[in-house]
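Engineer: For reference, the structure I am asking about is given below.
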Amino acid sequence: MLSAATLLAASSCCEIEDGVTDIDSWPMPSKEYDPQVYTINHPAMLHSAADIAYTKAHLGQQPWADAYQKLLTSGFSGNDYKASPVKILARLDAGNWGDGGGRWDDAGIRDLYYPGIHNNYTNFFRDCAAAYQLSLKWQLAGDADAAATAVKILEDWAAINEGILVGRGPRFKDEVVDPNEYLIMFQIHQAANAAELLRDYNNWQDTQSFKSVVDWMLKYFRPFCSKFIATNINDHSWMNWDLASMTALLSMGILADDQEIINEAILHFKQGEGPGCIMRKGVVAVYDDPSGTGEKLAQGNESGRDQGHNVLCAAMVGAFCQMAYNIGDDLFAFEDGRAIAFAQYIAKYNLVKSEVGPDYEGNLTDASFRYPESSMPFTTYTYSGWEMTKISDAGRGNRRPCWDLWAGYCKSHGVKATYISEMAEMFRPDGGGGHYGNSSGGFDQLGFSTLMHHRE
């Protein structure tokens, strides 16, 4: 267990000195971690049985009551929801792939083209959000109709979908035709979490239907996730790309009771060569907070890129750590709370002032934020061909429903986390799919962190 004293221990300088840093020159973590055997007591992903019981016991109190109303009114939790599965999923750049032009011929897949196929993954992220929200209704209210609808969503996808679009021609033979397709993996951990929560609905976990859903995920998505994190080591794709595949792998491993897959994901987080590793390329530098809190801040891989992706990384690292925590590996506490310091850095920079309010729209300036840019330590670094000399203000103030997950852990473990706590308070109660716009940004994370993770 990570104590407050451990997290607050100060050092005289950052672990990586201020100045220009070449990420590829960094040494690998000094400790090599071995595979573990994890204890899986289902449900054991984002929500354990104890987590569910805690929320149920507090549904009549605030902020859980309002958070539950957000679930019921999201637009994706209706018991009459109908899935829209597709045979082949695609997430393609519209400029290159939207009109069925020459690239479809080059890839040998002209016969698969139809208008709109290039972004049909939107069907998937909406349906995954619905399956998850309906599964929460089942667990929290015993709503059997909600459970039946959620199971039907997953069954429909498993019956119809055959994975993501890959090429058949010489140029793209058996490979994704657009790297954006790897981002579809965000939705895999969502579908898996829904399935995990539905295990006890009419003993679904003991049925062929459940097995078919698990087999569908493992057959069509596990290979792409494994290949991606193994090969994304040349400073091209950013941290959120690794996290999409890592959360997918960890969730599939837990769902399938597969220790090999679980270890594949967790070992990458601890010591991998890609940007999903919290000890190497995922974190640029670790600092003592210059605002004098005595807490640590960890500058992340996407800090100089933009805040939309940076905050997404906070959401996904939080989900990853929570899933690992529920099978017995406390990655929040790993390496003196490296993940918490990472989230703290992101929270501090993106916190708006109270008078701005949680429902702000764009056009914010540095004066709109609680902590000025000057209070943010920053180490210049190069990644993906970009030299980043300052923390990016692009998309600053980005809102993603994840902060009570972080705050809940910190509060229940006695860890002081000033900026995480302030961020959670600002946006409490948060929502999920249906509350943050219609684009992928509103659906990349499951949300409802207040409902499921807030602690007294």
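The values are calculated or read from the model by the stated rules, or taken from the named source; none is laboratory data. Keep in mind that this is a model prediction, so the values were computed, not measured. With ideal geometry, Cβ positions are generated from the backbone for all residues, glycine too; neighbour counts draw on all protein chains shown.
Engineer: On the given criteria, is PHE125 closer than 23 Å to PRO43 by Cα, assigned to a loop (DSSP other than H, G, I, E, B) and under 23 Å from the mean Cα position of the chain (by Cα)? Show your work before the answer.
Structural biologist: Values: closer than 23 Å to PRO43 by Cα: yes; assigned to a loop (DSSP other than H, G, I, E, B): no; under 23 Å from the mean Cα position of the chain (by Cα): yes.
Against the criterion (closer than 23 Å to PRO43 by Cα, assigned to a loop (DSSP other than H, G, I, E, B) and under 23 Å from the mean Cα position of the chain (by Cα)), PHE125 does not qualify.
Engineer: Would you point out which residue out of LEU183, LEU249, LEU243 is more than 22 Å from LEU92 (Cβ to Cβ) and in a helix (DSSP H, G or I)?
Structural biologist: Working: LEU183 fails: more than 22 Å from LEU92 (Cβ to Cβ); LEU243 fails: more than 22 Å from LEU92 (Cβ to Cβ).
When all the criteria are applied, what remains is LEU249.
Engineer: Is it the case that segment 96-105 has a residue that's free of Cβ contacts under 8 Å to residues at least 24 places away in the same chain, among the hydrophobic types (A, V, I, L, M, F, W, C) and not in a loop (DSSP other than H, G, I, E, B)?
Structural biologist: Filtering segment 96-105 down to residues free of Cβ contacts under 8 Å to residues at least 24 places away in the same chain leaves 98-102, 104.
With the extra rule that they be among the hydrophobic types (A, V, I, L, M, F, W, C), the set shrinks to 104.
The next check asks that each one be not in a loop (DSSP other than H, G, I, E, B); those that pass are 104.
The answer is yes; a qualifying residue exists.
Engineer: Okay, moving on. I'm checking my understanding of the structure. Among residues of segment 422-456 that are closer than 20 Å to TYR349 by Cα and small (Gly, Ala, Ser), which one is surrounded by the fewest Cβ atoms within 10 Å (Cβ to Cβ)?
Structural biologist: GLY441
Engineer: If we scan segment 100-107, do we find a residue that is surrounded by 20 or more Cβ atoms within 10 Å (Cβ to Cβ) and either in contact with a Leu (Cβ under 7 Å, 6 or more places away or on another chain) or among the hydroxyl-bearing types (Ser, Thr, Tyr) (or both)?
Structural biologist: No: zero hits.
Engineer: If you don't mind, another one. Please go through segment 35-94 and give me each residue that is of a type outside the set (A, V, I, L, M, F, W, C), within 30 Å of VAL177 (Cβ to Cβ) and in contact with a Leu (Cβ under 7 Å, 6 or more places away or on another chain), ordered by number.
Structural biologist: ARG91
Quick grid of which residues meet (1) more than 23 Å from LEU267 (Cβ to Cβ); (2) surrounded by 22 or more Cβ atoms within 10 Å (Cβ to Cβ):
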position: LYS296; (1), (2): yes, yes
position: GLU302; (1), (2): no, yes
position: GLY318; (1), (2): no, yes
position: ALA324; (1), (2): no, yes
position: ASP329; (1), (2): no, no
position: ALA339; (1), (2): no, yes
position: PHE342; (1), (2): no, yes
position: ASN350; (1), (2): yes, yes
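Engineer: Taking ARG171, is it outside any strand (DSSP E or B), farther than 27 Å from GLY78 by Cα and either touching a Cys at 6+ places or on another chain (Cβ under 9 Å) or not small (Gly, Ala, Ser) (or both)? Outline the logic, then answer.
Structural biologist: Values: outside any strand (DSSP E or B): yes; farther than 27 Å from GLY78 by Cα: yes; either touching a Cys at 6+ places or on another chain (Cβ under 9 Å) or not small (Gly, Ala, Ser) (or both): yes.
Criteria met by ARG171.
Engineer: Right, next: Which number in (1) assigned to a loop (DSSP other than H, G, I, E, B); (2) at pLDDT 95 or above; (3) out of contact with any helix residue (DSSP H, G or I) (no Cβ under 8 Å at 6 or more places or on another chain) marks the one condition that SER77 misses?
Structural biologist: Answer for SER77: the failing condition is (3).
Engineer: While we're here: Could you grab the pairs with beta carbons closer than 6 Å, sequence gap of 6+ or different chains, first residue in segment 40-64 and within 24 Å of ASP330 (Cα to Cα), second one of a type in the set (S, T, N, Q) and modelled with pLDDT of 95 or more?
Structural biologist: ALA44/ASN326; MET45/ASN193; MET45/SER251; LEU46/ASN193; LEU46/GLN322; SER48/ASN326; ILE52/GLN139
Engineer: Does PRO115 satisfy being part of a loop (DSSP other than H, G, I, E, B) and over 27 Å from ALA248 (Cα atoms)? Steps first, answer last, please.
Structural biologist: Numbers: part of a loop (DSSP other than H, G, I, E, B): yes; over 27 Å from ALA248 (Cα atoms): yes.
In short, yes.
Engineer: Something else about it: Being without any contact (Cβ under 8 Å) to a residue 12 or more places away in the chain, part of a loop (DSSP other than H, G, I, E, B) and more than 20 Å from the chain's Cα centre (by Cα), is that true of even one residue in segment 203-212?
Structural biologist: Within segment 203-212, the first condition is being without any contact (Cβ under 8 Å) to a residue 12 or more places away in the chain, and the residues that meet it are 203, 206-208, 211.
Restricting the remaining residues to those that are part of a loop (DSSP other than H, G, I, E, B) gives 207.
Next, from what is left, pick out any that are more than 20 Å from the chain's Cα centre (by Cα): 207.
Yes.
Engineer: Counting just the residues of segment 47-68 that are touching an Asp or Glu at 6+ places or on another chain (Cβ under 9 Å) and outside any helix (DSSP H, G or I), which one comes out nearest to ILE327 (Cα to Cα)?
Structural biologist: The first filter runs over segment 47-68 and keeps only residues touching an Asp or Glu at 6+ places or on another chain (Cβ under 9 Å), leaving 47, 58, 61, 63, 67.
Cutting the leftovers down to outside any helix (DSSP H, G or I) gives us 47, 61, 63.
Values: HIS47: 11, GLN61: 29, PRO63: 27 Å.
Out of the qualifying residues, it is HIS47.
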